[in-house]
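Reviewing the structure listed below.
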Amino acid sequence: MIICPTCHHHEVQGALFCSECGSHLGQEDQNPVIQGSLSIYLIDHDHELAVTDLESFTLGRFDEGQSIMPDIDLSSYQAFERGVSRLHAMIRNEQGLTITDLGSSNGTYINGERVEPHIPHPITQGDLLNLGKMKLKILIQD
Amino acid sequence: MEKKSNYYNLLGVSKDAAPQEIRRAYHEAVLRLHPDVNMSPGDTELFLDIQGAYDVLSNPNLKANYDDSLSANEGYLPIDVQVLYSQLALPQFKETQLIYALMSFTPNDDQISNNPGPLNICLALDRSTSMKGPRLDNVKETTLHLYRQIKDRGSLSIVTFSDRAEVLLPAGAHREPWEVESSIHLIQSGGGTEIYQGLMAALAEVYRLLDTSAVNHIILLTDGMTYGDEEASLKLAETAARQGVSITCLGIGDDWNDVFLDKLASITGGSSFYASDPVEIGSILKDKISNINRVFASDVILDGKIGTGVDLNYQFRLQPEIGELPDNFPAHLGTIPNDGSLKVLLEFLIYPGHENQDRISLFEGRLNYRCVNCPPTASSLYVDLNLPVVTSESLKKTPESIVKAVERLSLYRLQQKAYQELSEGKVDLAAKHLQHLSNRLLSLGENDLSQAILEEVANLLKSTTISAHGKKRIKYGTRSLLLPSGKTNPVS
């Protein structure tokens, strides 16, 4: 029996993807799934945003007439001026903590390096993220 | 040596086959053709021929002599089969397991004759009232184009239907091109949609020129629901399939029954397509005709038995055209292209109880086919899917092609699951699964499709229904992710 790391659905041995949520079930050499609580520290504003839904959430800025809302709306932190896209990136805590750039205009950077869009990249405690010019830090508390 | 009695062709194995494979192929043929179990005339002779072939090929000395007597190209089959598995072996678990197998059937380059068989195609065009306007205009324009393209290459017959059917251009008829073209221009819309009527008339036309070396095919275009004649239409499709006629369905707009047309096509080894906008009709049909022009073998049928303690969960064609396949045998798989492969993904469920075996048989049987662009010396291929059973567990080396195909297929199946739940009134579950699907698509960079799904989820939670447009877009959108290119649209 395999238990899906994302939705905890039970899958038959040998299954490759979860039939409930479509997640990859390969468990080789992943960085660990975060058990504690996660928050995002906005460096320029000296403000910490606690994350409640740990499984998967999107970062971006809300804009009028937009039909997909980001889970975490950064518009009140000068997101527009700093070049954050409406749907900028997604952070997931399955098969390890990862960030995926969702094809943003100004890119996502991990510790100063721009990441390729649409591919999950592992992140960990203390990593410095840039969404465009907005600086964030990943904080994990046990 | 007469070509027909080539021993390798008779057994459906290649000259390279291992002795054990030759033995297994022989056993499979014996079980199928033995006079004690099989009474059909002609099979007894075939049984004796196979017996003779095995007597030679099972004896190393006789086999060596026989191989020397063949020319360099002989002894190889027109089609090569390659099978990849999600695991190299089956671990001895005392619980149910899943195994994926990806079968690829590829033409052997030496055997492409560059002399393709004739085309025998019938277009069945819905001309019901709802087709009026851009739909019918695009259909007419495309029909004219196809007529000009095909008329020198084979037969194109044309049938129009509403609640009854008319033959506009009979198969094999000699007509002046201007006469045909003006009657295409003059197609008038009016009446309801009775697919059975159209299909029946189209089939009658294809039957006129039915030819075992031709691609015998019906292309059905419709924009509406048919009522009450679904069962009869499916029966007709089964008859067509038995005669070697396959069916493609093209649904225009949002009001046709995709489940029904998908089934109608898949019975015959065909696929269904979706034109959300009438302007797409032309490009979809041009692609279709280009595929038909490149057929190496048609009427490809997989027949055989699933192993003991094994179930086939799912069978899906990835190439040359994406489509659901029946999970029972014989199964019509469609066609093998000249310049590519027929690829089929199978998902097997394996129940515990194999602990004392060395190997487990997943499937054993034959691929039967009709040569269109290959020499008709052989018409079947031995197919044997099996895995060793081992005690160790470290076997996780799934080929990338399987991982990718299963990933995309799991998305397609998520939407299927959601629609199934919706039809059972489980709105919350359906919404949850569509939401998951949307998340996965977002992480694959399919932002537009992901967004479209979220909009449908919002609708669903408000009104407990989903729009016909949204439903088809999600279904055919996730399906197109299985194309080799793998994207519904380029990422901006």
From the list B:S392, B:S423, exactly one residue is more than 12 Å from chain A (Cβ to nearest Cβ), surrounded by fewer than 19 Cβ atoms within 10 Å (Cβ to Cβ) and modelled with pLDDT of 85 or more. Which is it? B:S423
Does region B:452-464 contain any residue that is more than 14 Å from chain A (Cβ to nearest Cβ), in a helix (DSSP H, G or I), open to solvent by 60 Å² or more (accessible area, probe 1.4 Å) and not aliphatic (A, V, I, L, M)? yes
I need the full set of residues from region B:116-133 which are assigned to a loop (DSSP other than H, G, I, E, B) and more than 22 Å from B:N338 (Cα to Cα), in order please. B:R127, B:S128, B:K132, B:G133
Just to be sure, is B:E407 facing chain A (nearest Cβ under 9 Å) and open to solvent by 20 Å² or more (accessible area, probe 1.4 Å)? yes
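Yes/no matrix, rows are residues, columns are (1) modelled with pLDDT of 80 or more; (2) out of contact with any Lys or Arg (no Cβ under 7 Å at 6 or more places or on another chain); (3) under 30 Å from B:Q415 (Cα atoms); (4) not assigned by TED's automatic domain parsing to the domain that holds A:R92:
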position: A:P5; (1), (2), (3), (4): no, yes, yes, yes
position: A:Q13; (1), (2), (3), (4): yes, yes, yes, yes
position: A:L16; (1), (2), (3), (4): yes, yes, yes, yes
position: A:G22; (1), (2), (3), (4): yes, no, yes, yes
position: A:L25; (1), (2), (3), (4): yes, yes, yes, yes
position: A:L38; (1), (2), (3), (4): yes, yes, no, no
position: A:L42; (1), (2), (3), (4): yes, yes, no, no
position: A:H45; (1), (2), (3), (4): yes, yes, no, no
position: A:E48; (1), (2), (3), (4): yes, yes, no, no
Check on B:Y412, modelled with pLDDT of 90 or more and either within 10 Å of chain A (Cβ to nearest Cβ) or closer than 23 Å to B:V344 by Cα (or both): yes
What single numbered condition from (1) of a type in the set (V, I, T); (2) within 12 Å of chain A (Cβ to nearest Cβ); (3) under 21 Å from the mean Cα position of the chain (by Cα) fails to hold for B:T96? (3)
Is it the case that B:N439 is over 29 Å from the mean Cα position of the chain (by Cα) and either within 11 Å of chain A (Cβ to nearest Cβ) or in contact (Cβ under 8 Å) with a residue 12 or more places away in the chain (or both)? yes
Kindly indicate whether any position in region B:134-154 is modelled with pLDDT of 90 or more and assigned to a loop (DSSP other than H, G, I, E, B). no
Given (1) open to solvent by less than 20 Å² (accessible area, probe 1.4 Å); (2) assigned to a helix (DSSP H, G or I), number of the condition B:A204 does not satisfy: (1)
Across region B:99-135, which residue is surrounded by the fewest Cβ atoms within 10 Å (Cβ to Cβ) among those that are of a type in the set (A, V, I, L, M, F, W, C) and within 14 Å of chain A (Cβ to nearest Cβ)? B:L102
For B:V491, only one of the following conditions fails: (1) open to solvent by 30 Å² or more (accessible area, probe 1.4 Å); (2) β-branched (V, I, T); (3) at pLDDT 90 or above. What is its number? (3)
Matching residues, region B:19-35, being among the hydrophobic types (A, V, I, L, M, F, W, C) and open to solvent by 70 Å² or more (accessible area, probe 1.4 Å): B:L31
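The values are calculated or read from the model by the stated rules, or taken from the named source; none is laboratory data. Treat the numbers as computed from the prediction; the structure is a model and nothing was measured. Note: ideal-geometry Cβ built from the backbone for every residue, glycine included; neighbour counts use all protein chains shown. Side chains included, ligands, DNA and RNA excluded: accessible areas come from the protein's heavy atoms. Shrake-Rupley method; radii C 1.70, N 1.55, O 1.52, S 1.80 Å.
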